[in-house]
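Undergrad: Can you read through this structure? Questions will come right after.
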Amino acid sequence: MKKLSVLALAALLVVAFTIPAWAMEAEFGGYWRTRFFTNQNFTGEDETEAQDVSQVDTRTRLYFTAIFHENLKFVNKFEFDADWGTGPLGDIGADGKEFEIKNSYADFNLGPVNFKVGIQGVALGSSFLIDNDLSGAAVTFQGEMFTIPVMWFKAFEGSELGTIDDNEFDVDIFAVDPHFMAGPVTINPFGMYIYSEDASAWGVLPGDAEEANLWYAGLSVDYDVAPLWVWATGIYQGGELDDIFGNTTDFEAYLGAAGFDVDFGGMFSLHGEGFYASGDDDPADGDFEAFYVPSTLESYYWSEIMGYGIFDDQVSNNAPADQISNIIAGNLGFTIKPIDDLKITLDAWYAQLAEEIIINGSEEDYLGTEIDLIITYQLVQGLNLDLVGAYLFAGEVTTMDVEDEADPYEVGARLSLSF
């Protein structure tokens, strides 16, 4: 399969350089980064060293778009990842056959309607619902003051199983994501529906899932006039899940989030955000009240230690990472630019569970308070260096009240360029 992928890339490049210039334009771009980082005490204790990590990794992305004319493009994004010292690409000798295709889709217009068909990146619900690459189709109706995308994506294909009635195991995602612009205000009502006759093979839904009918309805509002940017998002989750034993679980959950950024003349800016995602106060009552999105879809990064951040390798104990559920979190921070090539950002995060858990007989909800410092410096034009330091003053939910309690911390650096 990897050989076929390499051959496919070679074929695309041949096409790019052999088709006459009048027939097609070619756009090339990319992104590269190398990260050096250490995570310590992410388990909330310093005895087992179970999550202590110190490593270096490199990621390369190459973008190639064939532009046939204003109404037709062929978009491709390729990726190569390597952890230094590990095979097949990062070990001694290198030359590992690591080749990933992130995106490959046709982008074309038929009058005022745009079509994207293939493997493409999608963000929905301020990234609380979807922020990932998916295979499917998006049809967008375009006007001067609005866009209305209607999307279908395949989350799981049952025919991979090679069993009778394979189509029963298909998992399909349907979404609509209209944006209406009125001056500085953008209003974005959205919805998503996940259906499967038998989702057991997908393996990402809670419990012994069989038939799945999950739906989400939400609204985002965005106000952007310099120097102020304000946004807010609300989502309600409903639907039901039947398990293999004939039991039905009803979903009834919600999420609310808001944020702002104020730019005071380019040298100083103030920013903040907060979100609440419901938890389940009684897992035995037959209702699922914790806000839940299948883990293969959403990807909402927030703090460095509890929410993945720049290094996105792991998170501290019991933090929800990028899958926002059962949490109350808030952030306040500022950015200063003393010179054009230097930017310093300091953030403080507070986080707790929405529903308490029992730890050694006591009800606890406090994850901790985190301080994040990021210093970004342009070494030469086009090449940036990020220096990152983060410290979590851990709460009981992180440390789990063990004897060897210790606060998690992270230190690292990232070199990056894009073109």
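Undergrad: Tell me the mean residue ellipticity at 222 nm calculated for the chain from its helices only (DSSP H runs of n ≥ 4, each -39500 (n - 2.57), averaged over every residue, nearest 500).
TA: Numbers: 2 runs with 21 residues, N = 419.
Computed mean residue ellipticity for the chain: -1500 deg cm²/dmol.
Undergrad: Expressed as a fraction of 2.2 N^0.38 Å, the rule-of-thumb size for a compact globular protein of N residues, what is the C-alpha radius of gyration of region 92-152? Please list the in-between numbers first.
TA: On the way: Rg = 15.8 Å, N = 61, 2.2 N^0.38 = 10.5 Å.
With N residues counted in region 92-152, Rg over 2.2 N^0.38 Å equals 1.50.
Undergrad: At 0.36 nm per residue, and after removing the present C-alpha to C-alpha distance, how many nm does the segment from Phe268 to Phe141 gain when stretched out fully?
TA: Contour length minus Cα-Cα distance gives 41.8 nm.
Undergrad: Which of Gln314, Ile357, Trp302 sits farthest toward the positive end of the charge dipole of region 293-403, with +1 on the Cβ of Lys and Arg and -1 on the Cβ of Asp and Glu?
TA: Of the listed residues, the answer is Trp302.
Undergrad: What does the net charge come to around Glu298 if you take all other residues with beta carbon closer than 12 Å to its beta carbon, with K and R at +1 and D and E at -1?
TA: Charge balance in the 12 Å sphere: -2.
Undergrad: Using the eigenvalues of the Cα gyration tensor, what equivalent ellipsoid semi-axes result for the chain when each is taken as the square root of five times the eigenvalue, whole Å, largest first? Write down the numbers at each step before the final one.
TA: On the way: eigenvalues 230, 184, 127 Å².
With the √(5λ) rule applied to the chain, the semi-axes are 34, 30, 25 Å.
Undergrad: Something else: Just subtract the alpha-carbon distance of Asp95 and Glu403 from 0.36 nm times their residue separation and send over the number in nm, one decimal.
TA: Computed gain between Asp95 and Glu403 is 106.3 nm.
Undergrad: Moving to a separate point now. Mind giving me the nanometre distance, one decimal, between the label points for Asp243 and Leu228, set 7 Å out from Cα along Cα→Cβ?
TA: In this crude spin-label approximation the distance works out to 4.9 nm.
Undergrad: I want to check the label-to-label distance for Phe115 and Glu70. Put each point 7 Å from Cα in the C-beta direction and report it in nm to one decimal.
TA: Label at Phe115, label at Glu70, 2.0 nm between them.
Undergrad: For Asp83, what charge total do you get from the other residues with a beta carbon under 15 Å from its beta carbon, if Lys and Arg give +1 and Asp and Glu give -1?
TA: -4
Undergrad: A further question on this structure: Multiply the residue gap between Ile358 and Val380 by 0.36 nm, knock off their C-alpha separation, and tell me the result in nm, one decimal place.
TA: Length gained, Ile358 through Val380: 2.7 nm.
Undergrad: Along region 410-417, what does the Karplus equation 6.51 cos²θ - 1.76 cosθ + 1.60 (θ = phi - 60°) give for ³J(HN,Hα), rounded to whole Hz, x for Gly and Pro?
TA: 9, 9, x, 9, 9, 9, 8, 8
Undergrad: While we're on this one: Using only C-alpha atoms and all pairs of different ones, pull out the Kirkwood radius for region 164-226 in Å with one decimal.
TA: Over region 164-226, the inverse of the mean reciprocal pair distance is 14.0 Å.
Undergrad: I've got another one for you. Please report how many Lys pairs in the chain have alpha carbons closer than 29 angstrom, counting only residues at least 8 apart along the chain or sitting on separate chains.
TA: Final tally of qualifying lysine pairs is 24.
Undergrad: Suppose every K and R has +1 on its Cβ and every D and E has -1 on its Cβ; what is the size of the dipole of the chain about the Cα centre, in Debye to the nearest 20?
TA: Working: 15 positive and 72 negative charges, 643 e Å.
The dipole of the chain has a size of about 3080 debye.
Undergrad: Quick one: 3J(HN,Hα) in Hz for region 253-265, Karplus 6.51/-1.76/1.60 with θ = phi - 60°, rounded, Gly and Pro as x.
TA: Once rounded to whole Hz, the list reads 8, 7, 9, x, 8, 7, x, 8, 8, 10, 9, 9, x.
Undergrad: Another question about this same structure. Over the Cα atoms of region 153-261, compute the convex hull volume and normalise it per residue, giving Å³.
TA: Hull volume over Cα atoms, normalised by residue count, gives 105 Å³.
Undergrad: How large is the accessible surface per residue of region 49-111, computed with a 1.4 Å probe and reported in Å² as a whole number?
TA: So region 49-111 comes to 55 Å² accessible per residue, rounded to a whole number.
Undergrad: Within 15 Å, Cβ to Cβ, of Asn384, how many net charges do the neighbouring residues add up to if Lys/Arg are +1 and Asp/Glu are -1? Walk me through the intermediate numbers first.
TA: On the way: positive: Arg33, Arg35, Arg59, Lys337, Lys343, Arg414; negative: Asp340, Asp341, Asp386.
Summing Lys and Arg as +1 and Asp and Glu as -1 gives +3.
Undergrad: Let me see the pair-distance distribution of region 354-401: every alpha carbon pair, 10 Å bin width, integer percents in order.
TA: For region 354-401, the pair-distance distribution reads 23, 30, 19, 15, 11, 2.
Undergrad: How large, in percent, is the carbon and sulfur part of the accessible surface of region 310-419 at a probe radius of 1.4 Å? Kindly include the intermediate steps, with their values, before the conclusion.
TA: Working: 2810 of 5220 Å².
Carbon-and-sulfur percentage of accessible area, whole number: 54.
Undergrad: Report, please, the projected area of region 262-419 averaged over directions, based on the convex hull of its C-alpha atoms, in nm².
TA: Here the figure is 11.5 nm², rounded to one decimal.
Undergrad: Once every Cα of region 53-115 carries one equal point scatterer and solvent is ignored, give the base-10 log of I(q)/I(0) from the Debye formula at q = 0.14, 0.15, 0.26 Å⁻¹, two decimals.
TA: For region 53-115, the Cα-only Debye profile gives -0.56, -0.60, -1.03.
Undergrad: Quick one: 3J(HN,Hα) in Hz for region 377-382, Karplus 6.51/-1.76/1.60 with θ = phi - 60°, rounded, Gly and Pro as x.
TA: 10, 7, 5, 9, 4, x
Undergrad: Here is a follow-up. For region 310-397, restrict the atom set to alpha-carbon positions and state the Rg and Dmax in Å.
TA: 16.5, 57
The values are calculated or read from the model by the stated rules, or taken from the named source; none is laboratory data. Here the structure is a predicted model, which means the values were calculated and not measured. Note that each Cβ is placed from the backbone with ideal geometry, even for glycine, and that neighbours are counted across all protein chains shown. Accessible surface areas use protein heavy atoms only, side chains included; no ligands, DNA or RNA. Shrake-Rupley method; radii C 1.70, N 1.55, O 1.52, S 1.80 Å.
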